[in-house]
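> One structure, pasted below without further comment.
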Amino acid sequence: QSVKAPTPFLTTIHRVPVLMVNQLSAKQESQGFYAANRGEVALVDLAVSYVSLGTGPEVSTDSHFGGNLDVSLRTAVAAAAKAVGYDPRFLRVRLSVKTSILQSGLYIDGPSAGAVLAVGVASALLGDQIRPDVCMSGTINDNLEVGSVGGLEEKIKGCRQFNYREMVVPFAQTSMDLVLKGKGSDIRITEVSTFDAAYQTATGQSLRTVTLP
(Lines give C-alpha, C1' and ligand atoms only; values in the text may rest on other atoms or scores of the structure.)
Protein backbone atom coordinates (compact mmCIF):
# COMPACT_ATOMS: atom_id res chain seq x y z
CA GLN A 1 0.00 0.00 0.00
CA SER A 2 1.40 3.33 -1.04
CA VAL A 3 2.05 5.99 1.56
CA LYS A 4 1.14 9.60 0.87
CA ALA A 5 4.28 11.64 1.35
CA PRO A 6 4.05 14.77 3.51
CA THR A 7 5.46 18.11 2.45
CA PRO A 8 9.23 17.92 1.79
CA PHE A 9 11.50 20.41 3.55
CA LEU A 10 15.11 21.51 3.39
CA THR A 11 17.58 19.99 5.82
CA THR A 12 17.70 22.04 9.00
CA ILE A 13 20.49 22.00 11.55
CA HIS A 14 19.87 23.41 15.03
CA ARG A 15 22.63 23.71 17.61
CA VAL A 16 20.94 22.92 20.90
CA PRO A 17 22.30 22.96 24.46
CA VAL A 18 22.31 19.61 26.25
CA LEU A 19 22.68 19.93 30.02
CA MET A 20 24.65 17.34 31.95
CA VAL A 21 26.16 16.68 35.33
CA ASN A 22 29.83 15.76 34.92
CA GLN A 23 30.43 12.88 37.33
CA LEU A 24 33.87 12.18 38.74
CA SER A 25 35.06 8.61 38.50
CA ALA A 26 35.57 6.58 41.67
CA LYS A 27 39.31 6.73 41.06
CA GLN A 28 39.25 10.53 40.76
CA GLU A 29 37.22 10.86 43.97
CA SER A 30 39.60 8.52 45.84
CA GLN A 31 42.49 10.72 44.69
CA GLY A 32 40.84 13.81 46.14
CA PHE A 33 39.68 15.42 42.92
CA TYR A 34 36.86 17.95 43.27
CA ALA A 35 34.76 19.50 40.50
CA ALA A 36 33.90 23.07 41.48
CA ASN A 37 31.15 23.12 38.86
CA ARG A 38 29.83 19.78 37.70
CA GLY A 39 27.15 21.36 35.54
CA GLU A 40 28.13 21.03 31.89
CA VAL A 41 26.55 22.33 28.69
CA ALA A 42 27.33 20.55 25.43
CA LEU A 43 26.28 22.31 22.23
CA VAL A 44 25.14 19.54 19.90
CA ASP A 45 24.12 19.70 16.25
CA LEU A 46 20.68 18.30 15.49
CA ALA A 47 20.20 17.73 11.75
CA VAL A 48 16.65 17.06 10.54
CA SER A 49 16.20 15.91 6.93
CA TYR A 50 13.48 14.63 4.61
CA VAL A 51 13.46 10.97 3.55
CA SER A 52 11.63 10.86 0.23
CA LEU A 53 11.04 7.09 0.16
CA GLY A 54 9.34 7.02 3.56
CA THR A 55 11.75 4.41 4.94
CA GLY A 56 12.35 6.22 8.22
CA PRO A 57 12.47 7.35 10.81
CA GLU A 58 16.24 7.18 10.40
CA VAL A 59 17.71 8.21 13.76
CA SER A 60 21.41 8.17 14.60
CA THR A 61 24.05 9.66 16.90
CA ASP A 62 27.81 9.90 16.64
CA SER A 63 30.38 8.27 18.93
CA HIS A 64 30.12 10.99 21.61
CA PHE A 65 26.68 9.79 22.73
CA GLY A 66 25.62 6.80 24.82
CA GLY A 67 22.84 4.28 24.31
CA ASN A 68 20.41 5.93 26.72
CA LEU A 69 20.59 9.20 24.83
CA ASP A 70 20.12 7.35 21.55
CA VAL A 71 16.87 5.90 22.93
CA SER A 72 15.86 9.33 24.20
CA LEU A 73 16.45 10.83 20.74
CA ARG A 74 14.22 8.22 19.12
CA THR A 75 11.46 8.99 21.61
CA ALA A 76 11.96 12.72 20.98
CA VAL A 77 11.61 12.25 17.21
CA ALA A 78 8.39 10.27 17.65
CA ALA A 79 6.99 12.83 20.09
CA ALA A 80 7.86 15.82 17.89
CA ALA A 81 6.35 14.19 14.80
CA LYS A 82 3.18 13.40 16.71
CA ALA A 83 2.96 16.93 18.11
CA VAL A 84 3.13 18.64 14.70
CA GLY A 85 1.29 15.98 12.69
CA TYR A 86 4.19 14.90 10.49
CA ASP A 87 4.71 11.30 9.36
CA PRO A 88 7.96 10.17 11.05
CA ARG A 89 8.62 7.66 8.26
CA PHE A 90 9.79 10.61 6.19
CA LEU A 91 12.31 11.88 8.75
CA ARG A 92 16.05 11.49 9.15
CA VAL A 93 17.53 12.89 12.37
CA ARG A 94 21.24 12.91 13.17
CA LEU A 95 22.80 14.09 16.42
CA SER A 96 26.47 15.02 16.44
CA VAL A 97 28.96 17.20 18.26
CA LYS A 98 32.19 18.79 17.16
CA THR A 99 35.10 17.67 19.31
CA SER A 100 36.39 21.25 19.38
CA ILE A 101 33.37 22.36 21.43
CA LEU A 102 33.29 19.32 23.70
CA GLN A 103 35.52 19.04 26.74
CA SER A 104 38.15 16.35 26.44
CA GLY A 105 36.80 13.02 27.66
CA LEU A 106 33.25 14.28 28.17
CA TYR A 107 30.66 11.67 27.21
CA ILE A 108 26.99 12.53 26.68
CA ASP A 109 24.31 10.13 27.88
CA GLY A 110 21.02 9.92 29.74
CA PRO A 111 17.35 10.76 29.04
CA SER A 112 17.21 14.34 30.35
CA ALA A 113 17.79 15.96 26.94
CA GLY A 114 14.63 14.42 25.50
CA ALA A 115 12.50 17.55 25.73
CA VAL A 116 15.01 19.90 24.13
CA LEU A 117 15.72 17.40 21.34
CA ALA A 118 11.99 17.13 20.65
CA VAL A 119 11.82 20.92 20.51
CA GLY A 120 14.68 20.89 18.02
CA VAL A 121 12.96 18.40 15.72
CA ALA A 122 9.57 20.14 15.90
CA SER A 123 11.08 23.58 15.30
CA ALA A 124 12.88 22.25 12.21
CA LEU A 125 9.57 20.98 10.83
CA LEU A 126 7.74 24.21 11.64
CA GLY A 127 10.48 26.59 10.55
CA ASP A 128 10.89 28.22 13.97
CA GLN A 129 14.13 29.25 15.68
CA ILE A 130 15.14 28.21 19.18
CA ARG A 131 15.85 31.14 21.49
CA PRO A 132 19.61 31.40 22.06
CA ASP A 133 19.14 32.46 25.70
CA VAL A 134 17.13 29.40 26.80
CA CYS A 135 18.41 26.09 28.17
CA MET A 136 16.25 23.10 29.09
CA SER A 137 16.35 19.84 31.03
CA GLY A 138 13.51 17.32 30.99
CA THR A 139 12.52 13.97 29.58
CA ILE A 140 9.81 13.49 26.96
CA ASN A 141 7.39 10.61 26.43
CA ASP A 142 4.89 9.47 23.81
CA ASN A 143 2.11 11.36 25.60
CA LEU A 144 4.01 14.63 25.08
CA GLU A 145 4.66 15.02 28.80
CA VAL A 146 7.85 16.57 30.18
CA GLY A 147 9.21 14.41 32.99
CA SER A 148 11.58 14.80 35.91
CA VAL A 149 15.38 14.76 35.77
CA GLY A 150 18.26 14.84 38.23
CA GLY A 151 21.04 17.27 39.02
CA LEU A 152 19.08 20.46 38.38
CA GLU A 153 21.07 22.58 40.82
CA GLU A 154 24.31 21.66 39.07
CA LYS A 155 22.69 22.25 35.68
CA ILE A 156 21.70 25.76 36.78
CA LYS A 157 25.37 26.43 37.42
CA GLY A 158 26.19 25.17 33.96
CA CYS A 159 23.56 27.43 32.38
CA ARG A 160 24.92 30.37 34.33
CA GLN A 161 28.45 29.67 33.13
CA PHE A 162 27.24 29.85 29.53
CA ASN A 163 25.15 33.01 30.17
CA TYR A 164 21.69 31.56 29.52
CA ARG A 165 18.87 33.77 30.79
CA GLU A 166 16.07 31.22 31.23
CA MET A 167 16.01 27.56 32.20
CA VAL A 168 13.06 25.28 31.44
CA VAL A 169 12.57 22.45 33.96
CA PRO A 170 9.84 19.86 34.65
CA PHE A 171 6.86 21.11 36.64
CA ALA A 172 6.75 20.51 40.40
CA GLN A 173 10.40 19.52 40.54
CA THR A 174 11.69 22.89 41.65
CA SER A 175 11.83 23.89 45.27
CA MET A 176 11.99 27.41 46.66
CA ASP A 177 15.69 26.80 47.20
CA LEU A 178 16.11 25.88 43.54
CA VAL A 179 14.20 28.95 42.38
CA LEU A 180 16.30 31.17 44.63
CA LYS A 181 19.46 29.62 43.21
CA GLY A 182 18.21 30.50 39.76
CA LYS A 183 17.47 34.08 40.77
CA GLY A 184 20.88 34.36 42.36
CA SER A 185 22.33 33.30 39.03
CA ASP A 186 20.19 35.78 37.08
CA ILE A 187 18.41 32.84 35.47
CA ARG A 188 14.65 32.63 35.27
CA ILE A 189 13.32 29.18 36.21
CA THR A 190 10.28 28.17 34.13
CA GLU A 191 8.37 25.00 35.02
CA VAL A 192 6.50 23.06 32.32
CA SER A 193 4.62 19.78 32.26
CA THR A 194 3.72 19.54 28.58
CA PHE A 195 5.67 19.63 25.34
CA ASP A 196 3.41 22.46 24.16
CA ALA A 197 4.56 24.69 27.03
CA ALA A 198 8.21 23.70 26.58
CA TYR A 199 8.07 24.50 22.88
CA GLN A 200 6.44 27.89 23.38
CA THR A 201 9.02 28.91 25.98
CA ALA A 202 11.97 27.69 23.92
CA THR A 203 10.90 29.24 20.62
CA GLY A 204 8.50 32.04 21.52
CA GLN A 205 6.05 30.44 19.04
CA SER A 206 2.93 28.34 19.55
CA LEU A 207 3.15 24.62 18.84
CA ARG A 208 1.02 23.84 15.80
CA THR A 209 0.55 21.23 13.09
CA VAL A 210 2.44 21.22 9.81
CA THR A 211 0.41 22.43 6.84
CA LEU A 212 0.06 19.47 4.49
CA PRO A 213 -0.74 19.62 0.75
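> Report the full-extension gain for the segment PHE171 to SER60: residue separation times 0.36 nm, less the Cα-Cα distance, to one decimal in nm. Numbers along the way, then the final one.
Working: separation 111, 0.36 × 111 = 39.96 nm, distance 2.94 nm.
37.0 nm is the gain from fully extending PHE171 to SER60.
> Net charge around GLU166, counting only other residues with Cβ within less than 9 Å of its Cβ (Lys, Arg = +1; Asp, Glu = -1)? Could the numbers behind the result be given before it?
Details: positive: ARG131, ARG165, ARG188; negative: ASP133.
Counting the neighbours of GLU166, the net charge comes to +2.
> Taking every eigenvalue of the Cα gyration tensor of segment 41-100, multiplying by 5 and rooting it, what semi-axes result, largest first, whole Å? Provide the component values of the computation, followed by the final result.
On the way: eigenvalues 92, 29, 20 Å².
With the √(5λ) rule applied to segment 41-100, the semi-axes are 21, 12, 10 Å.
> Can you give me the solvent accessible area of ARG208 with a 1.4 Å probe, rounded to the nearest 10 Å²?
The value for ARG208 is about 90 Å².
> Taking the C-alpha atoms of segment 57-155, how large are the radius of gyration and the largest Cα-Cα span, Dmax, in Å?
Both quantities, over Cα of segment 57-155: 13.4, 39 Å.
The values are calculated or read from the model by the stated rules, or taken from the named source; none is laboratory data. These figures come from a predicted structure and were not determined experimentally. No Cβ is skipped: glycine too gets one built from the backbone with ideal geometry, and neighbour counts run over all protein chains shown. What goes into the accessible areas is simple: the full protein's heavy atoms, side chains included, and nothing from ligands, DNA or RNA. Shrake-Rupley method; radii C 1.70, N 1.55, O 1.52, S 1.80 Å.
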